[in-house]
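Here the structure comes first, spelled out in structure tokens, and everything after it is commentary.
The values are calculated or read from the model by the stated rules, or taken from the named source; none is laboratory data. Quantities reported herein were computed from a predicted structural model and do not represent experimental measurements. Cβ placement follows ideal geometry from the backbone for every residue including glycine, while neighbour counts extend to all protein chains displayed. Side chains included, ligands, DNA and RNA excluded: accessible areas come from the protein's heavy atoms. Shrake-Rupley method; radii C 1.70, N 1.55, O 1.52, S 1.80 Å.
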Amino acid sequence: MLEPKLMKGYNKMRRTVIAGNWKMNMTPSQAKAFIEELRPMVEGMDKCDIVLCVPYVDIAVAVEAAKGSNIHIGAENVHFAKSGAYTGEISADMLNEIGCEYVVIGHSERRQYFAETDETVNLRTKAALAAGLKVILCLGEVKEERLAGITDEVVSMQTKLDLAGVSAEELKNVIIAYEPVWAIGTGLTATPEQADETCGVIRATIAKLYGAEAADEITIQYGGSMNDANAAELLSKANVDGGLIGGASLKTDKFTTIVKAAN
Ligand code: PGA
């Protein structure tokens with residue numbers, strides 16, 4: 001069994017990643033203004049990677065506004081086919097061509113409202129990785145599962161299914177975001193201990209699937225009402241290597257405070 005503290009202790013390579021998930025917020029002009037304001041605020045904060053995952057139509061503008069800064073741009077979803085008759089969908093090649101580096105896959109809102117399953121999450125993940133995108137793979141238990149005491153089994157199964165067929169080499173471009181569904185947008189946050197423990201379960205699952213070194217290297221974020229007030233404590237935990245932030249990523253000052261906590 002892996003000892004989470006030791007793992008963090010000897011590892012010098014694991015990157016902390018602070019990622020905003022704007023969801024369906026911000027028009028292109030608002031995105032431009034936001035990034036122009038944020039750039040000087042996070043300048044030089046290089047102890048973590050900073051990512052903003054934004055609506056598709058904002059990506060090109062965001063990439064341009066972030067050029068030359070330490071802010072990286074991601075999408076919030078991607079389709080699994082290369083191209084074809086999928087009206088309304090966006091491919092990994094399209095994202096690549098406009099300078100998008102990251103993509104969120106399997107967010108609980110996609111799973112809840114848009115019939116996303118572990119199978120489609122897995123297909124999207126493989127397509128994104130094949131195209132050279134970095135994937136922020138979201139998973140986490142719903143409230144009933146936490147109450148029933150099966151959180152560990154749920155996240156471990158999701159990890160397995162969502163990464164099926166992903167090679168060890170490809171895994172280097174995967175970040176896992178542990179997001180307990182009951183904590184998303186609710187103001188309820190997992191306690192730092194809960195976040196640490198469940199991120200640890202995911203890491204142990206990665207160890208089983210890919211070996212101890214891969215488990216030690218993979219960045220595992222916590223997401224779910226992370227904000228400027230609770231980020232420092234959550235990020236201090238051995239198994240929490242960053243955050244995926246919804247609401248608090250829509251305000252430059254709050255988001256900057258979180259980035260600062262990671263630095
Ligand atoms: P929240 O969203 O920070 O608003 O809870 C997190 C997420 O959905 O990634």
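Here Tyr210 fits the description: among the aromatic types (Phe, Trp, Tyr) and open to solvent by 10 Å² or more (accessible area, probe 1.4 Å).
Are any of the residues in the stretch 102-114 within 17 Å of the chain's Cα centre (by Cα) and away from the ligand (no atom under 16 Å from the Cβ)? The answer is no; no qualifying residue exists. When we screen Lys237, Lys172 for residues that are at pLDDT 95 or above, surrounded by fewer than 17 Cβ atoms within 10 Å (Cβ to Cβ) and either farther than 16 Å from Leu139 by Cα or of a type outside the set (A, V, I, L, M, F, W, C) (or both), the only hit is Lys172. Evaluation of Met45 against the conditions (1) in contact with a helix residue (DSSP H, G or I) (Cβ under 8 Å, 6 or more places away or on another chain); (2) within 15 Å of Asn96 (Cα to Cα); (3) open to solvent by less than 80 Å² (accessible area, probe 1.4 Å) shows that the sole unmet condition is (2). Scanning the stretch 133-169 for residues that are more than 16 Å from the chain's Cα centre (by Cα) and in a loop (DSSP other than H, G, I, E, B) returns Val142, Ala148, Gly149, Ile150, Ala164, Gly165, Val166, Ser167. Val103 falls short on exactly one of the conditions (1) touching a residue at least 60 places away in the same chain (Cβ under 8 Å); (2) open to solvent by less than 20 Å² (accessible area, probe 1.4 Å), and that condition is (1). For the stretch 48-91, give me each residue that is open to solvent by less than 40 Å² (accessible area, probe 1.4 Å) and part of a helix (DSSP H, G or I). Within the stretch 48-91, Asp58, Ile59, Ala62, Val63, Ala65, Ala66 qualify.
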